[in-house]
Amino acid sequence: MADASQNMGLSNFATLSELFLQGIEKYHKPDCYRFISGGRYCDMSSGEALRRTAALASVLENLGTAPGDRIALLSENRVEWALTDYAVLGLRAITVPIFPALLDPDVEYMLRDSGSKGVVVSTDGQLRKILNIWSRLPALKFVLAIGCSELAGTGAISWEESIAAQLTVGGSTLVDRFRTKSLSVRPGDTASILYTSGTMGQPRGVILTHANIVSNIKSVKKVFPLTPDDVLISFLPLCHVMERIVDFYCFWEGVSIGYAERMDALPESLMKVRPTLMVVVPRVLEKIHGKVMDAVLKANAPQRRLFHWAVTIGKQYARCALESRTPPLGLRLKRALADRLIYSRVREQLGGRVRYLFSGSAPLSKDLAEFFSAIGFLIFEGYGLTETSPVIALGSPGHVKVGAIGPVLPDVEVKLDGEVTDSEGETGREILVRGPNVTPGYYHAEEANREAFVDGWFRTGDLGLLDSDGYLTITGRKKNLFKTSGGKYVSPEKLENLFQGQPYVYQISVLGDGRKFIGALIVPDFTRLEAYARSHGISFQGREDMVANPAVQAFMREQVDETTRWLPSYEKIRQFILLPRDFTVASGELSSALKVKRYVVTEKYRDQIEEMFSRHAPQPESISSLAP
């Protein structure tokens with residue numbers, strides 16, 4: 001083993017397969033992975049992870065997997081996901097991750113477009129999706145099923161039984177053969193084809209090479225080192241590149257990785273895994289903040305005053321740290337008291353050991369960032385795209401500005417192109433990226449490739465600003481900007497992001513292209529809205545009845561006006577529709593990245609939208625709204 005380590009050179013790696021082998025060689029961890037089995041958390045050692053991965057690679061090879069073949073992964077986060085990924089990569093094959101909440105037609109499209117030879121699925125529900133479409137996919141030759149009880153007569157093969165059989169007959173030669181094949185992988189080999197969320201149309205397959213992803217891991221390490229004492233809890237979908245690169249990086253650094261059992265069981269998983277690291281999206285932070293504030297509202301008056309005092313002290317202390325000032329002794333003493341009485345109790349709900357929170361996928365509101373900083377959580381924002389492997393800019397210790405993402409990563413180049421302005425001044429310029437992390441292109445999409453690249457630079461389609469310190473701020477999406485009939489450019493993301501953390505708005509989609517005023521579709525937070533209605537004597541028979549109630553509409557009008565009070569008049573939301581049900585992936589209204597598909601929503605609610613815009617645009621102070 002030592003000789004193999006020296007031959008590989010543990011100080012460096014050029015492929016994800018080398019990353020895996022080096023991670024095994026460097027850290028002989030008994031708790032390399034933590035996962036649920038039989039209702040409790042169990043540990044998998046690094047040596048066992050290597051043995052199972054090598055056995056799976058042998059299974060895949062026996063099923064006909066060859067270099068360059070595409071193997072799809074349709075599964076929730078679990079240790080089998082990671083082992084399958086490394087097995088596929090070690091054969092110089094290509095992993096095609098698919099979001100497990102997608103419906104049959106979307107899964108079929110991705111399998112057909114990628115030409116996947118095999119697919120690995122988890123649970124009987126995912127297997128049924130494949131069985132429904134398998135006959136229409138001539139390229140799909142085999143299905144490996146994890147944790148499925150309904151395999152008889154399906155043609156699918158048991159993941160667990162196949163590995164057990166290989167471990168029985170293969171012995172120690174399995175690992176040697178797998179190591180040899182893994183070391184034959186080249187940096188320029190395609191590692192993965194990842195499909196975009198499809199918010200603007202049909203999803204596109206993004207090609208990422210080993211070199212693309214490895215370069216991004218090394219860039220992140222330069223600004224954010226981790227230690228083998230860290231523990232990551234993995235719960236954001238591994239089919240998206242953000243969570244996947246974090247898992248890759250953590251494995252290389254010897255960080256133990258624990259998988260949450262389910263998203264709805266995250267609080268319990270946090271208490272059992274007790275992570276030091278978490279990757280989140282702002283919506284997760286909003287839910288945590290909402291639960292804390294709900295508890296505060298139920299507390300007695302002295303307890304509420306104590307909580308708000310503690311948060312005020314925490315914000316003052318965090319501001320000193322942000323400005324690199326030493327807090328006064330009095331403030332330090334007050335913070336220590338607030339930490340013992342308040343902050344520590346909140347942190348305990350996340351396992352009690354979290355030291356870093358990484359936030360991505362959507363902008364983090366200033367209020368949320370300040371709240372979590374106040375109670376002792378360091379939140380670092382990242383920005384990137386699937387096409388950039390993904391990180392472009394990242395906040396790190398000593399490099400944080402509220403409202404900005406952070407500095408551009410080493411080895412990544414950014415420039416801003418063109419200007420998009422409104423009557424108030426600059427809205428932003430398109431972010432162009434160049435570097436070893438940038439995709440070589442989209443799979444089977446030459447026209448899209450021609451549009452995406454200009455003189456070697458990748459067009460992100462996002463609008464941003466770079467300040468004098470090199471910190472990047474995202475201001476909107478170029479393709480999503482619309483112009484009102486009055487000639488005003490409006491960024492819907494800017495308005496929608498204002499509602500992050502707004503307690504009574506769960507989802508919102510802003511509209512107004514070519515219209516006289518701005519409107520919105522709003523899904524309320526029904527738990528809180530129902531509580532408000534009951535406390536104010538507002539009777540209702542169900543959600544549809546509640547959103548149609550004039551008193552509820554008036555209350556929501558107040559919420560919208562208060563949230564947008566600082567906007568110029570042309571950006572204020574003049575009319576809105578309260579919807580009685582959530583936007584979901586299953587209904588086709590949300591992408592796999594949980595972003596609203598505007599074209600789907602606009603078509604689905606076309607009649608209500610036309611009615612909304614046919615009405616007079618009230619001043620924000622007036623009490624007026626629409627319900628379907």
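Of all residues in the stretch 533-543, those being loosely packed, with under 15 Cβ neighbours inside 10 Å and under 34 Å from the mean Cα position of the chain (by Cα) number 1.
Could you tell me whether residue 85 is outside the structural domain of residue 595 (by TED's automatic domain parsing), touching a strand residue (DSSP E or B) at 6+ places or on another chain (Cβ under 6 Å), within 21 Å of residue 195 (Cα to Cα) and of a type in the set (Asp, Glu)? Yes: the conditions hold for residue 85.
Return yes when residue 405 is modelled with pLDDT of 85 or more, touching a strand residue (DSSP E or B) at 6+ places or on another chain (Cβ under 8 Å) and crowded, with 21+ Cβ neighbours inside 10 Å and no when it is not. Considered against the rule, which asks whether it is modelled with pLDDT of 85 or more, touching a strand residue (DSSP E or B) at 6+ places or on another chain (Cβ under 8 Å) and crowded, with 21+ Cβ neighbours inside 10 Å, residue 405 comes out as yes.
Screening the stretch 282-320 for residues that are among the small types (Gly, Ala, Ser) and without any contact (Cβ under 8 Å) to a residue 24 or more places away in the chain and picking the one that is surrounded by the fewest Cβ atoms within 10 Å (Cβ to Cβ) gives 301.
Of all residues in the stretch 473-490, count the ones that are of a type outside the set (Ser, Thr, Tyr), touching a Leu at 6+ places or on another chain (Cβ under 9 Å) and within 20 Å of residue 459 (Cα to Cα).
Narrowing the stretch 473-490 to residues of a type outside the set (Ser, Thr, Tyr): 474, 476-483, 486-488, 490.
If we keep only those that are touching a Leu at 6+ places or on another chain (Cβ under 9 Å) as well, we get 474, 476-478, 481-482, 490.
Applying the additional criterion that residues be within 20 Å of residue 459 (Cα to Cα) yields 474, 476-478, 481-482.
Looking only at that region, the number is 6.
Out of all the residues in the stretch 61-77, which are under 27 Å from residue 260 (Cβ atoms) and touching an Asp or Glu at 6+ places or on another chain (Cβ under 9 Å)? Lay out the reasoning, then the answer.
The first filter runs over the stretch 61-77 and keeps only residues under 27 Å from residue 260 (Cβ atoms), leaving 71-77.
Selection gives 73, 77.
Considering each residue of the stretch 600-620, count those that are more than 20 Å from residue 524 (Cα to Cα) and at pLDDT below 80, and give that number. Matching residues across the stretch 600-620 total 5.
In the stretch 488-497, which residues are surrounded by fewer than 21 Cβ atoms within 10 Å (Cβ to Cβ) and part of a loop (DSSP other than H, G, I, E, B)? Show your work before the answer.
Keep residues of the stretch 488-497 that are surrounded by fewer than 21 Cβ atoms within 10 Å (Cβ to Cβ), which gives 488-489, 493, 496-497.
Answer for the stretch 488-497, where residues must be surrounded by fewer than 21 Cβ atoms within 10 Å (Cβ to Cβ) and part of a loop (DSSP other than H, G, I, E, B): just 488.
Under the condition of being of a type in the set (Gly, Ala, Ser) and in contact with a strand residue (DSSP E or B) (Cβ under 8 Å, 6 or more places away or on another chain), which residue from the stretch 176-232 is nearest to residue 103 (Cα to Cα)? By that ranking, first place goes to 205.
When you check residue 398 against the structure, is it more than 16 Å from the chain's Cα centre (by Cα) and closer than 26 Å to residue 337 by Cβ, yes or no? So that I can check it myself, show each step before the final result.
On the way: more than 16 Å from the chain's Cα centre (by Cα): yes; closer than 26 Å to residue 337 by Cβ: no.
Judged against the criteria, residue 398 is not a match.
Mind checking which residues of the stretch 375-395 are buried (at least 19 other Cβ atoms within 10 Å of the Cβ), at pLDDT below 90 and not in a loop (DSSP other than H, G, I, E, B)? Listed by number, the list holds a single entry, 379. Among the residues of the stretch 337-369, those that are among the polar types (S, T, N, Q) and closer than 21 Å to residue 502 by Cα comprise 359, 361, 365.
Does residue 140 satisfy the criteria of being under 28 Å from residue 185 (Cβ atoms) and crowded, with 24+ Cβ neighbours inside 10 Å? Answer is no for this residue. Tallying residues that are modelled with pLDDT of 95 or more and charged (D, E, K, R) within the stretch 83-106 yields 2. Selection of the stretch 475-507 for residues being in contact (Cβ under 8 Å) with a residue 40 or more places away in the chain and among the polar types (S, T, N, Q) yields 475, 480, 484, 491, 497, 500, 502, 507.
When the stretch 188-199 is limited to residues that are buried (at least 18 other Cβ atoms within 10 Å of the Cβ) and not polar (S, T, N, Q), the one that is farthest from residue 74 (Cα to Cα) turns out to be 189.
In the stretch 1-112, which strands (runs of 3 or more DSSP E) lie fully inside it and hold 2 or more residues that are free of Cβ contacts under 8 Å to residues at least 12 places away in the same chain and either of a type in the set (Lys, Arg) or within 23 Å of residue 165 (Cα to Cα) (or both)?
Working: elements: 33-37, 40-44, 70-74, 94-98.
In the stretch 1-112, the matching strands (runs of 3 or more DSSP E) lie at 40-44.
Might you check whether a residue that is hydroxyl-bearing (Ser, Thr, Tyr), under 23 Å from the mean Cα position of the chain (by Cα) and closer than 30 Å to residue 192 by Cα occurs anywhere in the stretch 490-503? Within the stretch 490-503 (the criterion being hydroxyl-bearing (Ser, Thr, Tyr), under 23 Å from the mean Cα position of the chain (by Cα) and closer than 30 Å to residue 192 by Cα), the answer is no, since none of the residues qualifies. Of all positions in the stretch 161-168, at least one carries a residue that is modelled with pLDDT of 95 or more, touching a strand residue (DSSP E or B) at 6+ places or on another chain (Cβ under 8 Å), farther than 20 Å from residue 97 by Cα and not aromatic (Phe, Trp, Tyr). Residue-level analysis places residue 431 outside the set of residues that are in a strand (DSSP E or B), in contact (Cβ under 8 Å) with a residue 24 or more places away in the chain and assigned by TED's automatic domain parsing to the domain that holds residue 590.
Would you mind listing the helices (runs of 4 or more DSSP H) fully within the stretch 520-569 where at least 3 residues are under 23 Å from residue 615 (Cβ atoms)? Give the steps one after another, and end with the answer.
Values: elements: 526-535, 543-547, 550-563.
The helices (runs of 4 or more DSSP H) meeting that bar are 543-547, 550-563.
Mind listing whichever residues of the stretch 234-252 are in contact with a strand residue (DSSP E or B) (Cβ under 9 Å, 6 or more places away or on another chain) and either assigned to a helix (DSSP H, G or I) or assigned by TED's automatic domain parsing to the domain that holds residue 78 (or both)?
Filtering the stretch 234-252 for residues in contact with a strand residue (DSSP E or B) (Cβ under 9 Å, 6 or more places away or on another chain) gives 234-247, 250-251.
Correct list: 241, 242, 243, 244, 245, 246, 247, 250, 251.
With the structure loaded, tell me whether residue 476 is surrounded by fewer than 20 Cβ atoms within 10 Å (Cβ to Cβ), modelled with pLDDT under 90 and either not in a loop (DSSP other than H, G, I, E, B) or not hydrophobic (A, V, I, L, M, F, W, C) (or both) or whether it fails that test. Answer is no for this residue. Show the residue pairs meeting these rules: Cβ distance below 8 Å; 6+ apart or different chains; first residue within the stretch 438-462 and in contact (Cβ under 8 Å) with a residue 40 or more places away in the chain and assigned to a helix (DSSP H, G or I); second residue among the charged types (D, E, K, R) and crowded, with 19+ Cβ neighbours inside 10 Å. From the stretch 438-462, the pairs are 448/204; 452/387.
When you go through 49, 66 one by one, which is the residue that is at pLDDT 95 or above, closer than 22 Å to residue 244 by Cβ and among the hydrophobic types (A, V, I, L, M, F, W, C)?
Working: 66 fails: closer than 22 Å to residue 244 by Cβ.
Unique residue meeting the criteria: 49.
Within the stretch 94-115, restricting attention to residues that are touching a Lys or Arg at 6+ places or on another chain (Cβ under 7 Å) and surrounded by 24 or more Cβ atoms within 10 Å (Cβ to Cβ), the residue that is farthest from residue 177 (Cα to Cα) is 96. Close contacts from the stretch 126-154, counting a first residue that is assigned by TED's automatic domain parsing to the domain that holds residue 111 and a second that is at pLDDT 95 or above and among the aromatic types (Phe, Trp, Tyr), with Cβ to Cβ under 7 Å and a gap of 6+ residues or different chains, come to 140/134; 144/159; 145/159; 146/159.
Scanning the stretch 498-516 for residues that are part of a loop (DSSP other than H, G, I, E, B) and within 20 Å of residue 294 (Cα to Cα) yields 499, 500, 501, 502, 503, 504.
The values are calculated or read from the model by the stated rules, or taken from the named source; none is laboratory data. All of these numbers come straight from a predicted model, not from anything done at the bench. Positions of Cβ are generated from backbone atoms using ideal geometry, with glycine treated the same way; all protein chains shown enter the neighbour counts.
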